[in-house]
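Accompanying notes for the structure given below.
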Protein chains: 4
Amino acid sequence: MPNFQSILEAIHQEAIHAKDKGVVASYIPELAHINPEHFGMHLKTLDGQSYGVGDYNVPFSIQSISKVLALSKAMALVGESIWERVDVEPSGHPFNQLALLEIENGIPRNPLINSGAIVIADILLSNLEHPKEDFLNYIKAITNDDTIRYNESVAFSEKVTGFKNYAAANLLKSFNNLNNRVDDVLDFYFHQCSIEMTCSQLSEAFFFLANKGNCLKNIAQLSETQAKRINAIMLTCGFYDEAGEFAFEVGLPGKSGVGGGIVALLPDQFVITTCSPGLNKKGNSQLGMLALEQFTTKTKRSIF
Amino acid sequence: MPNFQSILEAIHQEAIHAKDKGVVASYIPELAHINPEHFGMHLKTLDGQSYGVGDYNVPFSIQSISKVLALSKAMALVGESIWERVDVEPSGHPFNQLALLEIENGIPRNPLINSGAIVIADILLSNLEHPKEDFLNYIKAITNDDTIRYNESVAFSEKVTGFKNYAAANLLKSFNNLNNRVDDVLDFYFHQCSIEMTCSQLSEAFFFLANKGNCLKNIAQLSETQAKRINAIMLTCGFYDEAGEFAFEVGLPGKSGVGGGIVALLPDQFVITTCSPGLNKKGNSQLGMLALEQFTTKTKRSIF
Amino acid sequence: MPNFQSILEAIHQEAIHAKDKGVVASYIPELAHINPEHFGMHLKTLDGQSYGVGDYNVPFSIQSISKVLALSKAMALVGESIWERVDVEPSGHPFNQLALLEIENGIPRNPLINSGAIVIADILLSNLEHPKEDFLNYIKAITNDDTIRYNESVAFSEKVTGFKNYAAANLLKSFNNLNNRVDDVLDFYFHQCSIEMTCSQLSEAFFFLANKGNCLKNIAQLSETQAKRINAIMLTCGFYDEAGEFAFEVGLPGKSGVGGGIVALLPDQFVITTCSPGLNKKGNSQLGMLALEQFTTKTKRSIF
Amino acid sequence: MPNFQSILEAIHQEAIHAKDKGVVASYIPELAHINPEHFGMHLKTLDGQSYGVGDYNVPFSIQSISKVLALSKAMALVGESIWERVDVEPSGHPFNQLALLEIENGIPRNPLINSGAIVIADILLSNLEHPKEDFLNYIKAITNDDTIRYNESVAFSEKVTGFKNYAAANLLKSFNNLNNRVDDVLDFYFHQCSIEMTCSQLSEAFFFLANKGNCLKNIAQLSETQAKRINAIMLTCGFYDEAGEFAFEVGLPGKSGVGGGIVALLPDQFVITTCSPGLNKKGNSQLGMLALEQFTTKTKRSIF
């Protein structure tokens, strides 16, 4: 068993002295104010241990990381019928997100690109009685933490500037792949992305995906097969146009968010979360990617 | 001088007996009720003669034909600065309209595809004091006809079903190529497209483009160079993915609309308008295309 | 009647003093040696007059201009059956030439992009007894000039560096849209492009397209309809991704070549040819485009 | 420990009674003669056991499966410098293979699509003294079997019909991403693909990738990290446009070939190979995909 705490501390030291810390995203105005020096890392093993360094208890905007939790809730609610409305293939080049939707008749390539996540939001909206409240309660329950909140000003900031998401949602609607009104779906979607969590909360929320579908309190959230499938989708599609690179360098299923967070996991062993807001050219956390690469190199743990 | 009236009558006879009259567009619900047997054709020569056959005095929805009139008004208002926001190149394959916008950083390929026409609508909205009223007055003035109207129920029908146009407008907005609110621009745009005119009114409205910029009442609407440029754009971009085919078979600058209308013109000689609501696979009037091809073949008149 | 000679001389003076003369193409090594100061312009009117300035009697490599002559020969040989193998639509964005071939099942968008011209070369190869000799004789005949030659070293230079053309030809072959061997088709094609002509020879060669299909010696090379159709294709497709711009600024059917030549014509009135080897960003002669724009502005002659 | 032999036998029974066995590829004429009833499956565990059912000792054309072995040899020869010439990202939609090459300046998306494998073939050609002989000897050595052969008539069949590969190679050459002559690279590539092996030979050849880089005879062929990286690439890119689906349904790194073979592996545990020549719509073995899905379901073994 490696000494996880000292490995995390070594990575932390290297990270805070890194010269290139990436660039904080500015396209969501409310997120542009994040402290670029923020760095946290948290590890939760399935045998119950936790390890943290840096700002691992400071909340940040989880953004696209929420897509995995929304997907898991949708699978729990409606099962495999999801796959009639969204595919499971990597999306290839980022320039062509809307192009692919046009060619492929409104079926998004996978549930972790924006258009796919908007379809998932539409499914949740149709299948939850009080969508925003129920979804937040789901997160609170799997994290075992009642303090988690939407950030209304971040949600509002996306609502008034998220024109590409409006474009994608309207294109989906034109292909009859949204059942609810565009504004309602995006209101839910922007709230979902605005959730704020800490590294340690995220490690706990994703615990069930490393644990055959069973959450921290050992309640089945998904079947073992469903959990495996979400892990497979994270591996092939979790990092935009850098999914192959992440599989190649890190070798774990994971998901990044534009707020600077990354969650990754090794089935049956651990969940690990990093946060550092500076992004690389492909939109993933610069230091988070490096930290996870070092972690799997130093611990020799990966799915490959 | 050919006997224009007898040529039009021969074409009319052939058209009403044609087996394949195309398919009436159904994507704008309000337009799906058009009588598929409607056929009209009207010719206005620059020496002042008019010739008509069939339903040439029955109003129909001009739809995309309005884009040429909107473009001409925008050129009159702001001149060549238009070309900073929209290009003048044919768009190629129809599947990739939004794709090209993504690649080309939100600059539509030309002002006659939907995304380009939405930019033009944005320009009119910014530069007319009472946009809807002023634009309609412009059409009335160049047509010399005070009876022309918006069709509010067609405009509303597009407003509640035109998701692809909302997608395009939001994508333009995300590239900072719309100055007004998406909803306001599209409200204007859907009204513009809903205008109803007859074949003879359209021949009169487009008279100035065949007449060096001077309308029926001999008032300069555009400079001679501007009129030529609009004609050039109609020739290369006026028929979606069938622009080359129309240039090849008919050989006149022109513009079609999904309501079944086509206006074409030979500079210094005439304007000719057809209406027949059945569309071919590329979205242009089936019988209108055939009628114009026969007209230029029988009269040996084309720009080539 | 404008004083054509003095107009040409004014344009010539402006051209030789232009600061930005574009950049000589270097991708065909043998062409990289051209004198960048070379500038010629020649006008041939249908009433039999000729006007020339600068280097209008100096031969240069006609390159893609040859595609129009090859197309006209193919139309003369096999008529409208050409259009089963090549379309007549503008190609849109240059990046996607091979992409469009892939999507559109090996049918090139038009006969003036490389893939389309390679299909035309294949047709000539199948329908001429001695292809290279016969095609050159055709050019000599319509130009009424026996001195025109292939430049073997330019043809060889393309043969050993023209990998994109080999890629296009093999892709066509994979879709069964080449009947002859790739190497044979490209050998013919590279020779066709290597032909050297002067501005005045080109004005004479293209005379028949302005003259209802009848060449200088009044022999019918094509029907009037066929000549019109080739003019339509030149207008919509003759300038790569700048076809719309050329129609907009110049307003004449025409064709450019990477050797720096441009031929344009006004049906029933004249043919005009320029040569200046510096190219603009879209691959068309920088000064040639400007010279023709000035010519149509000063003479107020265009098809629009 | 599951009873592997009885699991394989149950899968075999189901496979031979399957109604839809897919369609044998016909684009390589020499491969069209395969017996569509051929079905074999072979499992090799890292503890030294072997299990086989059906035609697991009948040789078949490994085709694209060879790309993984070529990649591993290239990594052994030149290390990480490979990644200057080829990327590691999934390719997305199949229609756009050449399109992506055009956009991405001749850098193939990954080494397992044809264009990437052609670059790898070029690297082997430059770095092996006797390329064809040396590469075959490498396969023989890692398989510990001297009987493996190229099938010259299959290689020749591809040479005279593989126009899409010629198109890709010429496009790479145009971007200076091939150092050797196109014909030489493709001659090597077609030979590499023509190798014939049995299921059991393939399980043995791929043993080193499941065994931290060490082959059956415990000789290091690659470092542990390099082996992991190849596994990561197989997972994200090994099944054309069905990579996500295979990760989702099967959950193992693997590679398919158009000859009907699939090799997959679970690091530290086993290699499994299937062959059945009927292909599904995405070009992967219909029964092979089903058999592997059942195997991982029944044994609950996957990387996720």
**Prompt:** Of the numbered conditions (1) closer than 21 Å to B:Ala210 by Cβ; (2) in contact (Cβ under 8 Å) with a residue 60 or more places away in the chain, B:Gly48 satisfies every one except a single condition; which is it?
**Reply:** (2)
**Request:** Mind listing whichever residues of region A:167-185 are surrounded by fewer than 23 Cβ atoms within 10 Å (Cβ to Cβ) and touching a residue at least 12 places away in the same chain (Cβ under 8 Å)?
**Result:** A:Ser174, A:Phe175, A:Asn176, A:Asn177, A:Asn179, A:Asn180, A:Val182, A:Asp184
**Message:** Which count do you get for residues in region C:199-214 that are open to solvent by less than 20 Å² (accessible area, probe 1.4 Å) and either assigned to a loop (DSSP other than H, G, I, E, B) or hydroxyl-bearing (Ser, Thr, Tyr) (or both)?
**Reply:** 4
**Message:** Just the residues that are of a type in the set (Ser, Thr, Tyr) and in contact with a Gly (Cβ under 7 Å, 6 or more places away or on another chain), please, taken from region C:178-205.
**Reply:** C:Ser200
**Asked** If you check C:Lys140, C:Lys159, which single one turns out to be of a type outside the set (A, V, I, L, M, F, W, C) and touching an Asp or Glu at 6+ places or on another chain (Cβ under 6 Å)?
**Response** C:Lys140
**Item:** Residue match in region D:268-282 (condition: more than 13 Å from chain A (Cβ to nearest Cβ), open to solvent by less than 10 Å² (accessible area, probe 1.4 Å), among the polar types (S, T, N, Q) and assigned to a loop (DSSP other than H, G, I, E, B))
**Value:** yes
**Matching residues, region B:146-155, being within 19 Å of B:Leu125 (Cβ to Cβ) and in contact (Cβ under 8 Å) with a residue 40 or more places away in the chain** = B:Tyr150, B:Glu152
**Asked** Is one or more of the residues making up region A:82-91 within 14 Å of chain D (Cβ to nearest Cβ), modelled with pLDDT of 90 or more, part of a helix (DSSP H, G or I) and surrounded by fewer than 24 Cβ atoms within 10 Å (Cβ to Cβ)?
**Response** yes
**Item:** D:Lys298 vs. criteria in a loop (DSSP other than H, G, I, E, B) and open to solvent by 10 Å² or more (accessible area, probe 1.4 Å)
**Value:** no
**Request:** Only residues that are more than 30 Å from B:Lys159 (Cα to Cα), in contact with a helix residue (DSSP H, G or I) (Cβ under 7 Å, 6 or more places away or on another chain) and open to solvent by less than 40 Å² (accessible area, probe 1.4 Å): list them for region B:6-40, please.
**Result:** B:Ile7, B:Ile11, B:Ala15, B:Ala18
**Message:** For region C:239-261, check the following and say yes or no: at least one residue is under 17 Å from the mean Cα position of the chain (by Cα) and basic (Lys, Arg).
**Reply:** yes
**Message:** Criterion first (in contact with a Gly (Cβ under 8 Å, 6 or more places away or on another chain) and either more than 14 Å from chain B (Cβ to nearest Cβ) or part of a loop (DSSP other than H, G, I, E, B) (or both)) does C:Phe304 satisfy it?
**Reply:** yes
**Prompt:** Can you tell me which residues in region D:215-259 are more than 8 Å from chain A (Cβ to nearest Cβ), touching a Phe, Trp or Tyr at 6+ places or on another chain (Cβ under 6 Å) and either open to solvent by 40 Å² or more (accessible area, probe 1.4 Å) or assigned to a loop (DSSP other than H, G, I, E, B) (or both)?
**Reply:** D:Cys215, D:Leu216, D:Gln221, D:Phe239, D:Gly259
**Asked** What number of residues in region A:102-151 are part of a helix (DSSP H, G or I) and among the acidic types (Asp, Glu)?
**Response** 4
**Residue count, region A:192-224 (criterion: without any contact (Cβ under 8 Å) to a residue 60 or more places away in the chain and basic (Lys, Arg))** = 1
**Request:** List the number of the failed condition for A:Lys44; all other conditions in (1) more than 18 Å from the chain's Cα centre (by Cα); (2) open to solvent by 10 Å² or more (accessible area, probe 1.4 Å); (3) not polar (S, T, N, Q) hold.
**Result:** (1)
**Request:** Would you check if there is a residue in region A:159-175 being charged (D, E, K, R) and more than 14 Å from chain B (Cβ to nearest Cβ)?
**Result:** no
**Complete:** Considering residues that are of a type in the set (A, V, I, L, M) and assigned to a loop (DSSP other than H, G, I, E, B), the number found within region B:3-39 is 5
**Request:** With respect to D:Glu104, determine if the residue is open to solvent by 40 Å² or more (accessible area, probe 1.4 Å), out of contact with any Gly (no Cβ under 6 Å at 6 or more places or on another chain), farther than 27 Å from D:Ala25 by Cβ and within 14 Å of chain A (Cβ to nearest Cβ).
**Result:** no
**Prompt:** What pairs come up if the first residue lies in region A:276-288 and is touching a residue at least 24 places away in the same chain (Cβ under 8 Å), the second is assigned to a strand (DSSP E or B) and of a type in the set (Phe, Trp, Tyr), and their beta carbons are under 8 Å apart, counting only those six or more places apart or on different chains?
**Reply:** A:Pro277/A:Phe60
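The values are calculated or read from the model by the stated rules, or taken from the named source; none is laboratory data. Everything numeric in this text was worked out from a predicted model, so none of it was measured. Cβ coordinates were reconstructed from backbone atoms using ideal geometry, including for glycine residues, and neighbour counts include every protein chain displayed. Heavy atoms of the whole protein, side chains included, go into the accessibility calculation; ligands, DNA and RNA do not. Shrake-Rupley method; radii C 1.70, N 1.55, O 1.52, S 1.80 Å.
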